[in-house]
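Scroll down for the structure; my scribbles are underneath it.
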Amino acid sequence: MRNILQKLLLLSVASMLLWACEKEETRAVLRSGVSPQLAVSATTLELKQEDADKAAASFTWPAVDYGFTDAIGYVLQVAKSGTNFAGASTVEIGVNKSDLKKEFKVAELNAELNKILTPGLSQEIEVRLKSNTINPIYSNTVKMMVRPYRVRIFYTFPQAINVAGNFQDWNPGAAPQLVSVNNNGEYEGFINFSNAANPEFKLVKGAEWGAGDFGSPSAGKLSNGGDNLKITTGAGIYLLRANTTAMTWSATKVNGIGLIGSAVPTTGWDSDRDMAFDAASGTYSITLDLNAGEIKFRANDAWALDLGDNSNPNDGRPEIGGSNIKIDAAGNYTITLDLLVGGNWVYTIKKN
């Protein structure tokens, strides 16, 4: 009998201790209705690659009493304006748990914006602070006008030659480039001659005329100096190729770019889905539903000029005649292609 009473007493004491511990653990209660107020140092930003290491913007918020002493964790949510912070239109950026600010350098902020925006265009974004709690608490939303840049690799002669002509006021320093990625004297690039009804140009060995240039002694041939190179098939975008070993050149007009492949519903590999060209950004784009499968980019509704991606996994940098590009999952996608910066061709595939 005594043993039974002792066991009951021990059980009662243990139960009381357990109840006390549970009560202690539930004392930290997140107060509802408390929102941090987010502020930003600048509401208009034009980001430039040459400023990559400079300060871009800082986001700050005051300390908020949530009813317990431990610091609360946050993320900054950045989204295209009007998308309500949904899906692929939003990026989340972590901040240190005890900090009350997040400072960005130009390169860091640009990298985040490139995930959701088109480089080279001014666009509105919305930013808010979100708590890492079971029931998230959100700050106010701040709006900003931003212009991100596309990161470029800069080339100089002999790896690049500048295309200066009547379409851009014969200015070698501001001219687009043909690039020899393998530095072997074989150059190529897409040049926009839309501003010249009868394009004429020279291939300059640098940013100044004094560096020397390549002209043309006859059709399809190159010479050091000499007459202007001429295109007789009108204004537009052309793939230019030059070989300074064989001293030859060629121009292929690009009347349009389309998307083709097993991932494209209905048309598949049989015909292209045309991409729209935006003159302001110099990019081709299309939004459409895709199946899991493969795609390529194709010019002029023909296989004479197509682009794929030889990297595995795909690296977003297309090559002429490259391998098929994989689409892993079905969904609605926005696809962009930028070919007008020599040696820096890029494409993006974003699921909406």
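The values are calculated or read from the model by the stated rules, or taken from the named source; none is laboratory data. Computed from a predicted structure; not experimentally measured. Every residue, glycine as well, gets a Cβ built from its backbone with ideal geometry; the counts of neighbours run over all protein chains shown. Accessible surface areas use protein heavy atoms only, side chains included; no ligands, DNA or RNA. Shrake-Rupley method; radii C 1.70, N 1.55, O 1.52, S 1.80 Å.
Would you check if ILE137 is in contact with a strand residue (DSSP E or B) (Cβ under 8 Å, 6 or more places away or on another chain), free of Cβ contacts under 8 Å to residues at least 40 places away in the same chain, of a type in the set (Val, Ile, Thr) and crowded, with 16+ Cβ neighbours inside 10 Å? Against the criterion (in contact with a strand residue (DSSP E or B) (Cβ under 8 Å, 6 or more places away or on another chain), free of Cβ contacts under 8 Å to residues at least 40 places away in the same chain, of a type in the set (Val, Ile, Thr) and crowded, with 16+ Cβ neighbours inside 10 Å), ILE137 does not qualify. Among the residues making up the stretch 292-316, those that are surrounded by 15 or more Cβ atoms within 10 Å (Cβ to Cβ), modelled with pLDDT of 95 or more and on the phi < 0 side of the Ramachandran plot are GLU294, ILE295, LYS296, PHE297, ARG298, ALA299, LEU305, ASP306, LEU307, GLY308, ASP309.
Put simply, of LEU259, LEU307, LEU288 the only residue that is assigned to a strand (DSSP E or B), hydrophobic (A, V, I, L, M, F, W, C), more than 23 Å from GLY189 (Cβ to Cβ) and over 18 Å from the mean Cα position of the chain (by Cα) is LEU288. Beta carbons closer than 7 Å, at least 6 apart along the sequence or on distinct chains, never pair a first residue in the stretch 225-236 that is over 21 Å from GLY210 (Cα atoms) and touching a residue at least 60 places away in the same chain (Cβ under 8 Å) with a second that is open to solvent by 40 Å² or more (accessible area, probe 1.4 Å) and among the β-branched types (Val, Ile, Thr).
If you take the residues in the stretch 140-171 that are of a type outside the set (A, V, I, L, M) and touching a Phe, Trp or Tyr at 6+ places or on another chain (Cβ under 8 Å), which one is surrounded by the fewest Cβ atoms within 10 Å (Cβ to Cβ)? Residue satisfying both the conditions and the ranking: ASN166. Every test in (1) open to solvent by 30 Å² or more (accessible area, probe 1.4 Å); (2) modelled with pLDDT under 90 is passed by TYR66 save one, and that test is (1).
Only one of the numbered conditions (1) part of a strand (DSSP E or B); (2) more than 26 Å from ALA280 (Cα to Cα) is violated by LEU240, and that is (2). I'd like to know if the stretch 71-93 contains one or more residues that are hydroxyl-bearing (Ser, Thr, Tyr), open to solvent by 70 Å² or more (accessible area, probe 1.4 Å) and not in a strand (DSSP E or B). No, the stretch 71-93 contains no residue that is hydroxyl-bearing (Ser, Thr, Tyr), open to solvent by 70 Å² or more (accessible area, probe 1.4 Å) and not in a strand (DSSP E or B). Somewhere in the stretch 34-48, is a residue modelled with pLDDT of 90 or more, of a type in the set (Asp, Glu), more than 18 Å from ASP99 (Cβ to Cβ) and surrounded by 10 or more Cβ atoms within 10 Å (Cβ to Cβ)? Yes, the stretch 34-48 has at least one match.
Summed over the stretch 207-224, the residues that are touching a residue at least 40 places away in the same chain (Cβ under 8 Å) and assigned to a loop (DSSP other than H, G, I, E, B) give a count of 1. A single member of GLY258, GLY220 is more than 18 Å from VAL341 (Cα to Cα), of a type outside the set (S, T, N, Q) and crowded, with 20+ Cβ neighbours inside 10 Å, and it is GLY258.
Screening LEU259 against (1) touching a strand residue (DSSP E or B) at 6+ places or on another chain (Cβ under 6 Å); (2) at pLDDT below 95; (3) more than 20 Å from SER194 (Cβ to Cβ) leaves a single unmet condition, (2). Against the test of being assigned to a loop (DSSP other than H, G, I, E, B), open to solvent by less than 50 Å² (accessible area, probe 1.4 Å) and within 24 Å of ASP301 (Cα to Cα), the options ALA251, ALA196, ALA235 yield a single qualifying residue, ALA235. Here the stretch 113-134 is the region considered, the condition is being outside any strand (DSSP E or B), out of contact with any Pro (no Cβ under 8 Å at 6 or more places or on another chain) and aliphatic (A, V, I, L, M), and the residue that is surrounded by the fewest Cβ atoms within 10 Å (Cβ to Cβ) is ILE134.
What about ALA276, is it free of Cβ contacts under 8 Å to residues at least 60 places away in the same chain, over 21 Å from ARG150 (Cβ atoms) and out of contact with any His (no Cβ under 7 Å at 6 or more places or on another chain)? Against the criterion (free of Cβ contacts under 8 Å to residues at least 60 places away in the same chain, over 21 Å from ARG150 (Cβ atoms) and out of contact with any His (no Cβ under 7 Å at 6 or more places or on another chain)), ALA276 does not qualify.
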